[in-house]
Structure formats: C-alpha cells, structure tokens
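Structure first, commentary second.
The values are calculated or read from the model by the stated rules, or taken from the named source; none is laboratory data. What you see is a predicted model, and the numbers here were worked out from it, not measured in a lab. Glycine gets a Cβ as well: all are built from the backbone with ideal geometry, and neighbour counts include every protein chain shown.
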Amino acid sequence: MSSMKEWLSQSTGHEYGHFINGEWLHQGPRKYELVNPALKEQVLGLFWEADENIANEAVRAAHHAFDTWSQVPGPGRAEIIAKFASLMERDRDELAYILSAEQGKPLNEAIGEVQRAIKEARFAAGEALRIEGKIIPSERTNVDIEVIGQPIGVVAAIAPWNFPVVTPVRKIAPALAYGCTVVYKPATLTPWSSSKLMSLLREAGVPAGVVNQVIGSGQTIGPVLVNHPLVRGISFTGSSQQGMAIQQQAARRLIPTQLELGGKNPAVVLDTEDVESVARQIVNAAFACSGQRCTAISRVIVVQPLAEVVTAAILQEVKKIQVGPAWDAQATMGPLISEEHLNTVVDYVHQGLQEGATLAYGGEQMSESEHSRGHYMLPTLFTNVTREMRIAREEIFGPVLSIITAADEEDAISMANDVAYGLAATVFTNRLSAARMAAKRLQAGMVHINHGTASEPHVPFGGIKESGYGPYSIGSTNQQFYMQTKVVYTQYQ
C-alpha cells in the first residue's frame, strides 16, 4: 500500500454523515472540520453533527431491528462477526492510517490497535457460540426448570477519542454476539475510524438497524441516549466524572451500565535484578498513546534503597523517546489530541512545579520546526513527588510520569491504594511472596506482576472504585452486561 502521507493526500476532505438503519444520513444542525493533531492545517474530513431528532431516529431503528436480530441463532451471528474481523484485517493499513491521522498515535501503535480489535472481534464471534444456561432440578417430578440468558435490547455505546478503533469494536462485537442492537456515539475528535467501521459492518452482512452511529457532542447526544426509554443498557468509556453522571441517570431507570473510567495507575518497584528492563516496561506503559489512556502508568512508587538507580534508569529511557508525526518511522510518541488538551496537561506540569516537585525532564510544548504544526509536548518526568500532590492523585491523561519514594513495602502499598482510582497496577519484584502479597492487597481491577499494564483480547478488563462499574468488558464477563436472566418453569401433564 502507498505511504501514509501519500494516502492522506488522496483521501482527506470528504463529507461524512451518520449511519442509521443501514444508510448514511448527511443531515444535522451543522458540519465541523476534523483536523490532524499532527498537522493542524490538514482537514481530514467534514462531519455532520446530530441533534436530538437524529439520535431518536437511531434509537428507533435499533429498537425495530432488535426483534429480528435477537432471534438470529448464535452461529449465524458468529459468522457475521467473524467476517467483520476478516474485513478489518483486509483493510488493516487503511484503518491504521485513518486512526493515526485523527488520533495522532504513531503508525505502529495504530496497527497494533487494529490488530487488537481484530482479535477482540474474533473472540466475540466465539462467544456467540458459548452462550450457556443451566437446568435446575425441580422438587416436582413433572416440572423442568431452565435458567437462560436473553439479550437486554438496545445498547447505547459511548466511546472516547484515545482508541477509536478498538473501543467501538469492544462494545459492538459482543453486543452483536449476545443478540443486542446498538446505537454508537464516537467522540467528536475521532469519528473517522468509526465511519470506516460502519462500512465494514454493513459489508459483513449486519442487517439494517442492528448497528447505528450518530456523531455529535456528548452534551447534546449523550443525554438523549442515556435517558431514552427504548435504550436498555449503556456501555460507556470515558472520564470518571462523566461515568458517575451517567450512572445516576441510568439508576433512575433501573437499566444496567458497563463503565470503563479513569485511572491513576501505579508501578510499585519492590526489588529487581534488572533495573533496565523494569525502566523500559514502565516507560512503555507510561508514554504509549502519549499517555492518553486509562491504563497508562502515571506513578512509580519505589522503595527507598532502589529509588536512585530506578530513577536514573527511567530518565535514560524517557530521553530515548522520539516525538513526531505518525508517518515518521522513527517516532515513538505522537502529538496530543488537541490544543485544549495540550494546555490542560501543561497546566498540570505548572501545578507540579508549584507544589514542589522536581522537573527532571520535559514539561514543555514543542514549538520548533515541524512540531509547531501539531499539538506536541515533550515526555515529562517528575521526581521528588509526594503522595499529597495533585500530580500524584489526579488523572492527567498525558505524557507525565511521577516518581514517588516509599519508606518500605508497606508504605508503597499504602501509597498505591491512596487514590480514588483502582484500574490497573503493576508490581516489580523477584520474590513470589511479595508478588502474591501485592496482588491481594492492591486495590485495582487488574494487577500485573513484572510487566507493564498490557491486557489481552480474551480476558476481562475493568476497574474498581472510581475506575469502573458494572461487568468487566472483554472476556466472558461481557455476558453479564449484554444479557439478562430469565427462569422458565415447564410443567408436563
């Protein structure tokens, strides 16, 4: 395939609409320009914004399609999802180009995200074949009792901008597997990838109305979807504040939610014989996606005897990061998603300095040569951070890593747990006893021992505390959200 820059020169500037009932709808109160965060003057496309009427139309289409789609046998649904995965694989490079262009991540990261989406879709296809119930013996000889699962109905799926391919697939593919229909709202900053996915879903044979997409701001479209009487479940990925607001609204209607929210993920370093390997894994997990991911490591909590050597090794790894656009083969970190978000992250850097932390590296917006054309920032490392500082407690969602020194193991675990979040945590130790202790005591939905915070495409994914609510996504736990329990008593005469 042609290079990314060449492909973009031939593929940008088109108009995109909503996808409702199997057709594209080019309507709405206005269109907006989607720009490349690595090249601000490049307009990637024009996208229609939805209003309340368009959102309602999408919900009605999904509701109408539910009756027939929910009756399609699981193997039939599996076949369509598997074909969708194969089409993503066929168009992998194009999807990666679109993803990198609108989100900013380096091309190799974008390709990795597409590959991950393919794997998650294939697992979901298999899940359509693994829907199980059970038989419970009756106290009566002429009665059979079945406990079965049935799809909940129309699901509103709302996604953020940091993973614009894998997040919609993570929500849509299992919904289809379990017999639900979907109204999907991508982030306004990254709607292009989702529009491509809608085309592939239609090509895969998903019937009209089963998956619908509406583009628009969360403030306008979100409440319509969350409060619509025909929507029977909400799968949301985004900030903890937005998630809690959605949960309050959903609770009023007694509908289930699946919330993937923020994180302030620690890497707890207790002991190691290979400090360079530990540093590489921490830095990779901290600065992938420019730190704009919920599972990014943002705190390194290291026991006192190792603090100096670990800090030096991490600093050395941070200095190796090459910041640049997706089409630069040497780039290992891309721009931030927008100027507004860049300013927010830089404000946190200033806050850290005001609170007394030491800026060991970075902390600045990059404005030289080609970096002036995008939302670039140097990877940032703070030392001499204490547990009370905002940069140690609040989710920054950017390329900022803080190193905190703990007196001992007990102090390290206490610091790791002393935040509102509980998504992911990683522990580095050579001792099995320390590893098992940390795995039990760390307040996180996912604990990683001796490696970064990477998850796998068939394993439950989620958090506790203010990092999540409801059944975990991915894996078999999805069935707990997309299906509801029904008990059937059958008496024979």
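From the list LEU46, LEU34, which residue is within 28 Å of ILE118 (Cβ to Cβ), modelled with pLDDT of 95 or more, part of a strand (DSSP E or B) and not β-branched (Val, Ile, Thr)? Exactly one residue qualifies, and that residue is LEU34. Looking across region 284-311, the residues that are buried (at least 24 other Cβ atoms within 10 Å of the Cβ) and among the small types (Gly, Ala, Ser) come down to ALA285, ALA286, SER290, GLY291, ALA296, SER298. Restricting attention to region 292-308 and to residues that are of a type in the set (A, V, I, L, M, F, W, C) and in a loop (DSSP other than H, G, I, E, B), the residue that is farthest from GLY352 (Cα to Cα) turns out to be CYS294. When the residues of region 327-385 are filtered to those that are β-branched (Val, Ile, Thr) and surrounded by 22 or more Cβ atoms within 10 Å (Cβ to Cβ), which remaining residue is nearest to VAL400 (Cα to Cα)? If we take residues in region 327-385 being β-branched (Val, Ile, Thr) and surrounded by 22 or more Cβ atoms within 10 Å (Cβ to Cβ), then THR380 is nearest to VAL400 (Cα to Cα). Evaluating ALA435 against the criteria (1) in contact with a strand residue (DSSP E or B) (Cβ under 7 Å, 6 or more places away or on another chain); (2) hydrophobic (A, V, I, L, M, F, W, C); (3) in contact (Cβ under 8 Å) with a residue 40 or more places away in the chain leaves one unmet condition, (3). Against the condition buried (at least 21 other Cβ atoms within 10 Å of the Cβ), farther than 30 Å from VAL35 by Cβ and of a type outside the set (Ser, Thr, Tyr), how does ILE314 come out, does it pass? Spelling it out, ILE314 is indeed buried (at least 21 other Cβ atoms within 10 Å of the Cβ), farther than 30 Å from VAL35 by Cβ and of a type outside the set (Ser, Thr, Tyr).
Go through the residues of region 129-136 one by one and say whether even a single one is buried (at least 17 other Cβ atoms within 10 Å of the Cβ) and in the same structural domain as HIS228 (by TED's automatic domain parsing). Yes: region 129-136 contains one or more residues that are buried (at least 17 other Cβ atoms within 10 Å of the Cβ) and in the same structural domain as HIS228 (by TED's automatic domain parsing).
Does VAL183 count as under 21 Å from the mean Cα position of the chain (by Cα) and not in a helix (DSSP H, G or I)? Criteria met by VAL183.
Does ILE282 satisfy the criteria of being assigned by TED's automatic domain parsing to the domain that holds MET198 and either part of a helix (DSSP H, G or I) or among the hydrophobic types (A, V, I, L, M, F, W, C) (or both)? It is false that ILE282 is assigned by TED's automatic domain parsing to the domain that holds MET198 and either part of a helix (DSSP H, G or I) or among the hydrophobic types (A, V, I, L, M, F, W, C) (or both). Give me the residue from region 21-45 that is touching a residue at least 40 places away in the same chain (Cβ under 8 Å) and of a type in the set (A, V, I, L, M, F, W, C) and, out of that set, surrounded by the fewest Cβ atoms within 10 Å (Cβ to Cβ). Per the stated criteria, the residue is LEU39.
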